[in-house]
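Here's the structure, in structure tokens; my notes come after.
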Amino acid sequence: MSGSDTPLLVIDTSYGSTVGLPGRQPCIETDSRSHVERLQVNIAKVMDQAGLSADDLRTIVVGLGPAPFTGLRAGIVTAKALAFATGARLLGQDILEPQARYAYRRFKQQDQDHTRLLVLAVNDARRRQLYYRLFDDFGDVEGLARPLTEMSIDYPAAICEKIAAIAEERKSSDQDPVTMVVSGHGTGRYADQWERLNKQSDIRVVLDEGSFLEDRIDGTSLMAACACRRAQQGLIDPVEPLYLRRPDVSVPNPLKHVVVQS
């Protein structure tokens, strides 16, 4: 378990759905269309397997995205309802920070050249766009990752332009070679863009398709640890979905007044 309050339940529907208790095998659904039908069933399943009831919960960590609307909403509404019914503490956690930390841990061990390691954490936003955030200094194992950009959404080509500009700004003050890991769902779909960035800049790009939550026990434990660490430092995020995209529906313009002459 992670955090001082246990048992702790992790719920995330940023991509597919994941329900789990840290230290135990989670239930993972890769089909985003099954959120509503399977989410409550999977919560009951992981609780039963642990010999716990809903009233035993002390903390619920829910993924805030960024992610598309429908799936993300299902997870957050479920987490809020469960927290309200049980009195459990509810913590929200964006998925890009643990995604970045997960990639950093794995690729730092493989970095034989001891380059400066950046992580571009992404999630598929559909419509040929990606949610993203670039991270730099990860400090020690228990520290918080330091973002170099705001959390945002854009087309991969535009993201590459921003990354190249950041690299150019830092080139004069930091001569160390730079490796950037692009990590998360949607990475592989835009391999041509990352390859172009690799050729046009001094950044060596490494691709890492997939979510940290697919690492099952380690993934849910990392999600819980990030949320609890932020809470301990007073960084409590509002439990609201991160869509980062304007709604498709807009208020229509008022009707024009027509003067009818008799």
If the only charges are +1 at each Lys and Arg Cβ and -1 at each Asp and Glu Cβ, what is the size of the charge dipole of region 143-236 around the Cα centre, to the nearest 20 debye?
220
Between Ala81 and Thr115, the FRET efficiency computed from the C-beta separation at R0 = 35 Å comes out, to the nearest 0.05, as 0.15
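Which order do peptides 186-195, 228-237 fall in by mean Cβ count within 10 Å, highest first? Each step should come with its number before you reach the end.
Numbers: 186-195: 16.9, 228-237: 14.1.
Taking the mean over residues of other Cβ atoms within 10 Å, the ranking is 186-195, 228-237.
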Any chance you could run the full-extension gain for Asp237 through Glu168? It's 0.36 nm times the residue separation minus the Cα-Cα distance, nm to one decimal.
21.6 nm
For region 38-102, take every pair of Cα atoms, bin their distances at 5 Å starting from 0, and report each bin as a whole percent.
4, 16, 23, 25, 18, 12, 3
How much length is gained if the chain between Arg126 and Ala44 is pulled fully straight, taking 0.36 nm per residue apart and subtracting their Cα-Cα distance, in nm to one decimal?
26.4 nm
For a distance above 20 Å, tell me the whole-number percent of Cα pairs in region 96-210 that qualify.
35
Could you work out how much longer the chain between Thr6 and Thr70 gets when fully extended? Use 0.36 nm per residue separation minus the Cα distance between them, nm to one decimal.
20.1 nm
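Read-outs throughout are calculated quantities, based only on the coordinates presented, and are distinct from any laboratory measurement. Everything quoted here is computed from the prediction, not taken from an experiment. Reconstructed Cβ throughout: ideal geometry from the backbone, glycine too, with neighbour counts over all protein chains shown.
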